[in-house]
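The values are calculated or read from the model by the stated rules, or taken from the named source; none is laboratory data. On a predicted model such as this, the values are computed, not experimentally measured, just so you know. Heads up, the Cβs are rebuilt from the backbone with ideal geometry, glycines too, and the neighbour counts pull from every protein chain shown. Remember, those area values only see protein heavy atoms, side chains included, never the ligands or the DNA or RNA. Shrake-Rupley method; radii C 1.70, N 1.55, O 1.52, S 1.80 Å.
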Amino acid sequence: ERATFEGLRLALRLGVTSAWSCHPVWGSDTGGYSPADRNVDPTPALFTRWAQFSAISPVFEVGGGGRNATPWTYDAETVRRFREAAILHYELFPYLYEQARVASRTGAPILRPLGFQYPGDEEAWRADQQLLVGPDLLAAPVTADRAEQDGAAGQPTPVDVYLPRRRWVDLFSGEVVGGDRHVVRSATLDEFPLYLR
């Protein structure tokens, strides 16, 4: 995946569709692939948003040929956000580990399209930029092209999130939200739509 928001959207689709290919564990290079030319390296906003996606993925890795392979060379705020994404990944480790154990017994993937868990829900099948991490954690990584300009301007990016039936807890705000509907979640660079069923 290239170091662009389009590449991030593709990485998310690849991660989710790998579920149908019997790949229970998956991850992408945080920031995408870029040559060593700093003019095409991931911007701070893109690197932050990709790190958030990596945080909820079973595999959180950095690499590639560009600046994303050396995240400490970003500005202090981007490094802080990268650190927070890494901490979130470690906080999720017990849950991810249990999902890996389930996958080894049942073949159920860790990263799942919403339609995997909610096969009779047509809206779940349309949510191609969202995913479930196991059965209980729903994420909508911020992948819109406008996130670049929003991040640079210090503005939140609105994200249309479909929440299937049940009640969901926004893990960043603590708000309890009813499901079976779309919500628009404004996401600063310090957060992204992440819900616990």
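For the chain, with every protein chain kept in place, what is the accessible area per residue (1.4 Å probe, Å²)?
On the way: 9200 Å² over 197 residues.
Counting only protein heavy atoms, the per-residue value for the chain is 47 Å².
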Query raised in the report: How far is it, in nm, from the label point at residue 172 to the one at residue 136 when both lie 7 Å from their Cα along the line to the Cβ?
Result: 2.2
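Quick one: pull the percent of accessible area on the stretch 77-197 belonging to carbon and sulfur, 1.4 Å probe, ligands and nucleic acids left out. Write out the running numbers ahead of the final one.
Values: 3180 of 6030 Å².
Ligands and nucleic acids excluded, carbon and sulfur reach 53 percent.
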Query - 0 to 90° range, to nearest 10: angle between helix 44-55 axis and the chain longest Cα axis - result: 40
Requested in this report: Can you tell me the 0 to 90 degree angle between the C-alpha axis of helix 76-106 and the longest principal axis of the chain, rounded to 10?
Outcome: 30
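Taking loop as defined by DSSP and a crowding limit of 16 other beta carbons within 10 Å, which chymotrypsin sites (Phe, Trp or Tyr not before Pro) in the stretch 158-197 fit? Each step should come with its number before you reach the end.
Numbers: sites: 162, 168, 172, 195; in loops: 172.
For chymotrypsin sites (Phe, Trp or Tyr not before Pro) across the stretch 158-197 that sit outside H, G, I, E and B with at most 16 neighbouring Cβ atoms in 10 Å, the list reads 172.
Would you work out if the stretch 42-81 is rounded, prolate or oblate? Take a ≥ b ≥ c from the square roots of the eigenvalues of the alpha-carbon gyration tensor; rounded if a/c is under 1.5, else prolate when a/b is larger than b/c, oblate otherwise. Show your work: numbers first, answer last.
Details: a/c = 1.88, a/b = 1.27, b/c = 1.48.
It is oblate, given that a/c is not under 1.5 and a/b is not larger than b/c.
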Query raised in the report: In the full protein assembly as shown, how much of residue 23 is accessible to a 1.4 Å probe, in Å² to the nearest 10?
Result: 100
Query raised in the report: Tell me, what is the percent relative contact order of the stretch 113-197, built from C-alpha pairs under 8 Å that lie six or more residues apart?
Result: 28
Query - Interatomic Cα distance distribution for the stretch 36-182, bins of 10 angstrom, percent - result: 10, 35, 36, 16, 2
**Report entry** Acute angle (nearest 10 degrees) that the helix 5-17 long axis makes with the longest principal axis of the chain, alpha-carbon atoms
**Finding:** 30
Query - Helix-only mean residue ellipticity at 222 nm for the chain, each DSSP H run of n ≥ 4 adding -39500 (n - 2.57), per residue, nearest 500 - result: -11500 deg cm²/dmol
